[in-house]
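Working notes for the structure below.
The values are calculated or read from the model by the stated rules, or taken from the named source; none is laboratory data. The structure presented is a predicted model; accordingly, all values stated were derived computationally and were not measured. Every residue, glycine among them, receives a Cβ derived from its backbone with ideal geometry; neighbour counts consider all protein chains shown. Note: accessible area is taken over every heavy atom of the protein model, side chains too, but ligands, DNA and RNA are not part of it. Shrake-Rupley method; radii C 1.70, N 1.55, O 1.52, S 1.80 Å.
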Amino acid sequence: MAKRVIAVVTAGLATVSMGLSFTSAAGAAPESSAANPSGLKLIKTKTSLLGKHFWYQQTYKGLPVINGYYARHVTKGGGVQIADGRDAVPASLDVTAKVPSATATKSANAAVAARAARARIAGPEKDVTPVPTATDGAAQLAVVGGPNARLVWNVTSRSAQGVTRSLVDAKTGSLMESKVISDHADGRGIVFDPNPVVSERNEKLTDQDDADTDELFPAHKSVVLRNLAGNGKLEGTYVNIVAAKGGVAESPNNRFLYYRDDDRFEQVMAYYQVNQTQEYIHSLGFTEVNNESQDFEINTYAGDNSFYDPSTDTITMGEGGVDDGEDAEVIWHEYGHAIHDDVVPGYGESLQAGAIGEGFGDYWAVTMSVPVSRNFDLPCVMDWDATSYTSTEPHCLRRTDTGKTTDDIVNQVHDDGEIWSHALWDIHKALGRNKANKVILEGTFFYAPDTSFADAARVTVQAARLLYGKAAAAKVTEAFQARKIL
Ligand SMILES: [Ca+2]
Ligand SMILES: [Ca+2]
Ligand SMILES: [Ca+2]
Ligand SMILES: [Ca+2]
Ligand SMILES: [Zn+2]
């Protein structure tokens with residue numbers, strides 16, 4: 001989807017969108033709010049290698065405008081790029097709700113429950129009980145802009161399908177939208193570092209119902225857990241295990257020594273593998289790529305799924321089939337979603353942005369596996385998790401070398417993500433691991449929440465040119481051209 005180009009009439013101020021442009025406005029005073037349209041609330045400031053990124057929420061009479069964003073990217077040389085994703089709101093729009101908050105919550109939860117019930121009949125996961133738990137307090141007034149501008153109640157509900165955002169018309173009570181906003185990975189996990197299939201180079205290994213079998217025993221690897229808070233829990237600079245089946249692991253002397261048949265093993269996996277990825281990201285020079293203690297819930301979901309929930313900034317690892325937390329590539333995939341949500345507020349507001357999210361997660365799993373895989377089928381994603389649900393070898397949930405191009409788009413984020421992940425994998429091979437990841441992460445800072453394949457590719461090429469020059473940019477361009485993205 002192309003970025004919205006709009007004329008904004010909020011608060012009587014007419015401003016024409018500049019879109020995302022690379023023309024420099026040299027000498028501009030970037031941080032000055034005088035340069036910004038009115039009705040913007042600064043929600044986040046990010047620093048990348050090439051500059052600073054100021055993110056604003058569009059507001060109308062103090063209420064947030066759903067999906068209305070505005071970003072100002074200021075490069076170190078003083079150049080300014082504006083990404084204007086505001087929606088028009090007529091100055092006459094009344095912001096007094098006629099429908100009570102509780103009524104809106106009730107109708108939103110009814111829609112979520114109905115959909116969860118349909119999915120339960122169709123789906124294989126009999127062990128899941130969908131219970132929406134949104135309360136009256138979860139409904140918040142907001143404004144939807146555009147041609148059908150109106151006042152809405154924004155209701156957040158939870159069910160076995162994840163977290164749903166519902167928009168209820170605050171004048172008529174009709175349900176406008178009910179959308180799952182949490183990201184699901186259709187993954188299962190196996191593993192250790194990164195997982196037993198890869199470390200033991202053996203496609204024949206199987207889960208055996210979480211047993212610590214003789215075949216799997218050698219895959220257990222002894223590691224140092226760095227950056228722990230030291231409170232006897234798996235809590236640290238980059239990871240916090242906030243909930244887990246059987247309780248969070250505790251050890252007064254910080255010795256968390258469990259094998260795979262102990263449910264605490266997956267807690268240690270999440271801690272170790274996310275800490276590894278953050279130490280790597282910092283080694284590349286980035287100090288603000290999800291630079292926080294990421295919350296995890298481990299084995300708390302019975303289905304064979306894991307997901308990142310942007311409304312609570314939490315990753316949940318499921319325990320269906322191979323426990324997802326046994327495959328580092330499932331953990332890294334989900335962490336990819338957390339990276340996007342942190343770097344680009346509101347990320348994923350279009351089908352292609354969603355596909356880029358899935359493709360990046362798969363790519364991130366693969367690039368993180370490279371140092372510990374001794375070249376064992378690197379493009380195979382979630383080799384161990386996939387042994388639960390694939391019969392052919394090698395076992396892979398997805399791959400980063402399918403050869404798909406934009407001719408193969410099917411409008412399914414995981415399938416289409418393979419187009420994007422293949423491009424990133426080609427960049428990895430062309431530039432080498434560290435340069436590629438600097439280029440890819442830097443480019444992400446310039447994404448719009450509703451970016452397209454082509455727009456995201458362009459800012460990635462731009463990052464390559466500014467960081468490493470024309471020859472590198474040409475290689476990145478080639479990788480996107482091979483996928484028919486550029
Ligand atoms: Ca699993
Ligand atoms: Ca296990
Ligand atoms: Ca299991
Ligand atoms: Ca792999
Ligand atoms: Zn995903």
**Message:** Checking residue 294 against (1) more than 21 Å from residue 48 (Cβ to Cβ); (2) at pLDDT 95 or above, only one condition comes out false. Which one?
**Reply:** (1)
**Prompt:** Any idea which of 333, 340 is assigned by TED's automatic domain parsing to the domain that holds residue 280 and within 16 Å of ligand 1 (Cβ to nearest atom)?
**Reply:** 333
**Message:** Quick check on the range 278-324: of everything there that is of a type in the set (Val, Ile, Thr) and within 16 Å of ligand 1 (Cβ to nearest atom), which residue is farthest from the chain's Cα centre (by Cα)?
**Reply:** 322
**Complete:** Note on residue 197: of the conditions (1) touching a Phe, Trp or Tyr at 6+ places or on another chain (Cβ under 9 Å); (2) under 27 Å from residue 313 (Cβ atoms), unmet is (2)
**Item:** Top-ranked residue in the range 68-115 [being buried (at least 21 other Cβ atoms within 10 Å of the Cβ) and not in a strand (DSSP E or B); ranked as modelled with the lowest pLDDT]
**Value:** 112
**Request:** Residue by residue through the range 357-382, note down the ones that are more than 9 Å from ligand 4 (Cβ to nearest atom), aliphatic (A, V, I, L, M) and over 13 Å from residue 437 (Cα atoms).
**Result:** 372
**Prompt:** For the range 453-486, which residues satisfy the criterion of being of a type in the set (Lys, Arg) and on the phi < 0 side of the Ramachandran plot?
**Reply:** 458, 465, 470, 475, 483
**Asked** Is the range 181-202 home to any residue that is within 16 Å of ligand 3 (Cβ to nearest atom), at pLDDT below 90 and open to solvent by 50 Å² or more (accessible area, probe 1.4 Å)?
**Response** yes
**Fill in**
Contact list, first residue from the range 300-324 and open to solvent by 20 Å² or more (accessible area, probe 1.4 Å), second anywhere and within 16 Å of ligand 4 (Cβ to nearest atom) and in a helix (DSSP H, G or I), beta-carbon distance below 6 Å, six or more apart or interchain, is 321/388
**Prompt:** Could you say whether any residue in the range 358-370 is modelled with pLDDT of 95 or more, open to solvent by 10 Å² or more (accessible area, probe 1.4 Å) and assigned to a strand (DSSP E or B)?
**Reply:** no
